[in-house]
Amino acid sequence: MAYINAAFRSSRINEVYLFVKNEYVLVNYAPGTKDDKVLFGPHLIGIGYPSLTGTTFDNHKTNDHHAMFPFFKGTVFENGVDTAFESTKNYEAYLFKDNQYAFINYDYDSHLISIRLINRGFPSLKNTIFESGIDAGFSLHKTNEAYLFKGDYYARINFAPGTTDDYITGGIKKILTYWPSLRSILPLKNSG
């Protein structure tokens with residue numbers, strides 16, 4: 001069971017929106033410490049974002065990316081993406097589905113750079129729970145770093161766009177042990 005279904009970095013330093021089923025929270029994630037803090041929520045997505053009520057985003061699952069990324073036709077990404085995070089190179093991002101990832105350029109002339117197995121493009125994830133898929137992830141405000149989530153675990157990775165020189169910072173850890181502000185929220189059992 002995924003503890004966290006989606007995540008995206010806030011425009012404010014060290015803050016992230018975490019989506020769990022049909023609810024979300026805003027968290028100051030205090031990198032490298034256990035001083036994280038829930039700043040807002042949990043709230044239903046439709047309440048926090050009223051314009052999304054009744055849309056596919058109200059359940060935060062959408063597969064309507066065909067028009068934006070036609071190069072995914074015939075790939076595992078044709079039917080959706082599990083998570084994504086932005087690269088530090090302009091207009092580039094990593095998108096994940098099952099045990100694969102796509103490295104794309106999403107500029108005006110968007111194009112696929114590559115599709116690879118997670119454990120080939122991110123060797124530090126080989127023989128970990130993340131090589132078979134990633135539930136959620138987001139890039140940090142700090143250059144070349146991202147948080148990855150799967151089940152009740154997370155990892156902080158340092159990645160070098162266009163290379164395989166990635167590494168896990170501090171190991172793979174239990175979310176609730178190192179993000180204590182989420183203990184009263186996760187695992188969420190709601191109607192979403």
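The values are calculated or read from the model by the stated rules, or taken from the named source; none is laboratory data. Here the structure is a predicted model, which is why all the values come from computation and not from measurement. In this analysis, Cβ positions are derived from the backbone assuming ideal geometry, glycine residues included, and neighbour counts consider all displayed protein chains.
For residues that are in contact (Cβ under 8 Å) with a residue 60 or more places away in the chain and part of a loop (DSSP other than H, G, I, E, B), scanning just the stretch 182-192, find the one that is farthest from Tyr17 (Cα to Cα). My answer is Ser191.
Annotation note: of Phe85, Phe71, the sole residue that is part of a helix (DSSP H, G or I) and either modelled with pLDDT of 90 or more or not acidic (Asp, Glu) (or both) is Phe71.
Hey, which of the strands (runs of 3 or more DSSP E) in the stretch 95-181, taking only ones fully inside, have at least 1 residues that are closer than 25 Å to Asn28 by Cα and either small (Gly, Ala, Ser) or touching a His at 6+ places or on another chain (Cβ under 6 Å) (or both)?
Values: elements: 100-105, 111-117, 136-139, 145-150, 153-158, 167-174.
Because the criterion is at least 1 residues that are closer than 25 Å to Asn28 by Cα and either small (Gly, Ala, Ser) or touching a His at 6+ places or on another chain (Cβ under 6 Å) (or both), the strands (runs of 3 or more DSSP E) in the stretch 95-181 that meet it are 136-139, 145-150, 153-158, 167-174.
Does any residue of the stretch 153-171 turn out to be surrounded by 15 or more Cβ atoms within 10 Å (Cβ to Cβ) and basic (Lys, Arg)? Yes, that holds for at least one residue. Of all residues in the stretch 129-144 being free of Cβ contacts under 8 Å to residues at least 60 places away in the same chain and within 24 Å of Arg183 (Cβ to Cβ), which is surrounded by the fewest Cβ atoms within 10 Å (Cβ to Cβ)? By that ranking, first place goes to Ile129. Filtered by the rule that a residue be of a type in the set (Phe, Trp, Tyr) and touching an Asp or Glu at 6+ places or on another chain (Cβ under 7 Å), the stretch 108-141 gives a lone residue, Phe122.
When the residues of the stretch 138-192 are filtered to those that are under 17 Å from the mean Cα position of the chain (by Cα) and at positive phi, which remaining residue is modelled with the highest pLDDT? Per the criteria, the residue is Gly151.
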